[in-house]
1. Mind ordering 481-487, 169-175 by average Cβ neighbours within 10 Å, highest first?
2. Give me the number: length gained by fully extending Val285 to Met476, i.e. 0.36 nm times residue separation minus the C-alpha to C-alpha distance, one decimal in nm.
3. Tell me the carbon and sulfur percent of the accessible area for region 259-408, rounded to whole percent, probe radius 1.4 Å.
4. Calculate how large, on average over all directions, the projected area of the Cα convex hull of region 494-541 is; give the answer in nm² to one decimal.
5. How big is the equivalent ellipsoid of region 169-268 along its three axes, where each semi-axis is √(5λ) from the Cα gyration tensor, reported in whole Å from largest to smallest?
6. By how many nm would the segment from Val216 to Asp323 lengthen if fully extended, with 0.36 nm per residue of separation less the alpha-carbon distance?
7. How much accessible surface does Thr326 have with a 1.4 Å probe, in Å² rounded to 10?
8. Let me know the Kirkwood hydrodynamic radius for region 234-386, please, with Cα pairs as the basis and the value in Å to one decimal.
Amino acid sequence: MSEKRKPLLGFVGKLPSGAALGNSGKTHCPSCMALFKAPRLLPCLHTVCTTCLEQLEPFSVVDIRGGDSDTSSERSLFQELKPRGLQPQTGILCPVCDAQVDLPTGGVKALTIDHLAMNDVMLESLRGEGQGLVCDLCSDRDVEKRCQTCKANLCHFCCQAHRRQKKTTYHTMVDLKDLKGYSRVGKAILCPAHPTEELRLFCELCDRPVCRNCVVGEHQEHPCDFASNIIHKHGDSVRGLLKDTQPHVEALEEALEQIREMNSALQQRVEAVAADVRTFSEGYVKAIEEHRDKLLKQLEDIRVQKENSLQLQKAQLEQLLADMRTGVEFTEHLLTSGSDLEILITKGVVVERLTKLNQVEYSAHPRVNDKICFSPQEKAGRCRGYEVYGAINTKEVDPAKCVLQGEDLHRAREKQTASFILLCKDAAGENMGRGGDNIQVAVVPKDKKDSGQLKQAVRVNGFVELSSPPSPIRTMVKDNKDGTYCVSYTPKEPGIYTVLVRVKDQHVPGSPFNVTVRKRHRSHPGVFHCCTFCSSGGQKTARCACGGTMPGGYLGCGHGHKGHPGRPHWSCCGKFTEKSECTWTGGQSTARSLLRTVAL
């Protein structure tokens, strides 16, 4: 095994002209923000100073991979779990990405040294962007020369001493200023087991760099070769892995870009919708405020109108009272102090005045009331294009003016819903035009009628139902919101029932009233025809409820013969209306043959 002498590109290769040398992200610790000092490479590929890592607070973790597992927390995810005992291990968190880093046995100092970062720090120091370099031998003076053979930075004194030594007489010395264009000026990487030997070889079996002493020692039987000879094979594998990783990087970058675009679009959309919400809300608020002002003005107008009416009535009553007091006082004084002749002389004027005052009509009650209410759920039209609610009402329902309407007021059938309308009006006889009144309805059998049984009505979702109905008949009252109420009920049995309708605990005109509940509608079992002769095809035994007969032994009716009603009728009951209820009850006509023939 012979070493192939070829230039090391890492030490002699120069960067392209004009290329930027160094990078603060590659030369400065992300924790202390200073130039790297003994940088360590973490499994997450972030580099941090050794001192900064030692200052991190460690924590205990349980290593389920076994003692010889990789220290990389990411790599452990892809390794097969080994059936070994749980081993406690110390870990830290990467100060950059918070990834868990399992520390090896030697602690932070056993982590891999980042030689690339050390080289970048050296280059930045050469450009004067970092701290000045000191001699590698004396560690005291500034560096002036660099030995390209042993890769040592030397001051002027140590450089002369380096040349005087027989072993290093022929080493190549380069001025420090001539190294500024090089891409690598790092120190030689020495073997941690043999500090005087440089790592030049690579053990394929152990997968790590070794020195010459390692090869003849513990790696004697292992396949080893110079790093320059096998770098291409391992470099190709890394490049292949990099090539496989690059599409994921591009996909992630594209995904993040889409997320950024979506986030930007989301922000713009939120701002646009927020603007719409603010515009709508501001308009709605203005509409509500305008509607509020209208309601308040309407309320003020009502107050002024009612107060004016009251003031006018007050003035009239006060004037009438003053006139009457004047008449009373004068008459009392006349009767108590006047002589007979004086009374007789003045009697005519006094009688005429008092008679006229007594004939003056006046109301002992205020002409107006304080019935003003606000209905917040009542629609009030549109204001500024918005639907607004809330109306001021001054009308008060008058039970004496309410009206009951409907065809089912006094008739109903068992197990069929009957309904009628209650129209509420005010004292002036005008329709209320709104709902919300206290309506009480009860339907009870006539023999059980008890006006005191009517309970308070309960309003639920526009319907009014008696909270404790006095009969098994369920009574529903639907508020139509326009001053009318639809009352419906379903009697279970035929008979006579009493319906009680109250508004504000007062009976409306016509209440209570009786309703006759008849049996359900009976259909005709016979046929609607002109005569049995025609409908039966001339059968002599065919009979009809009209009672008509024909000569020649025919038991039914025929055209122009005795008993024929002269128009179409039902064969079962004799009724003339086709859409009617059958009244046939059996009995004597049961024996008749009630034909179900084709109607003509």
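1. For the peptides 481-487, 169-175, the packing ranking is 481-487, 169-175.
2. 64.9 nm
3. That fraction is 55 percent.
4. Averaged projected area of region 494-541's Cα convex hull equals 6.2 nm².
5. After scaling each eigenvalue by five and taking roots: 43, 24, 12 Å.
6. So the chain would gain 24.1 nm between Val216 and Asp323.
7. Here the accessible area works out near 90 Å².
8. About 25.3 Å for region 234-386.
The values are calculated or read from the model by the stated rules, or taken from the named source; none is laboratory data. Everything numeric in this text was worked out from a predicted model, so none of it was measured. Glycine also receives a Cβ, built like all others from the backbone with ideal geometry; neighbour counts cover every protein chain displayed. Quick note on the areas: whole protein, heavy atoms, side chains included, nothing else; ligands and nucleic acids left out. Shrake-Rupley method; radii C 1.70, N 1.55, O 1.52, S 1.80 Å.
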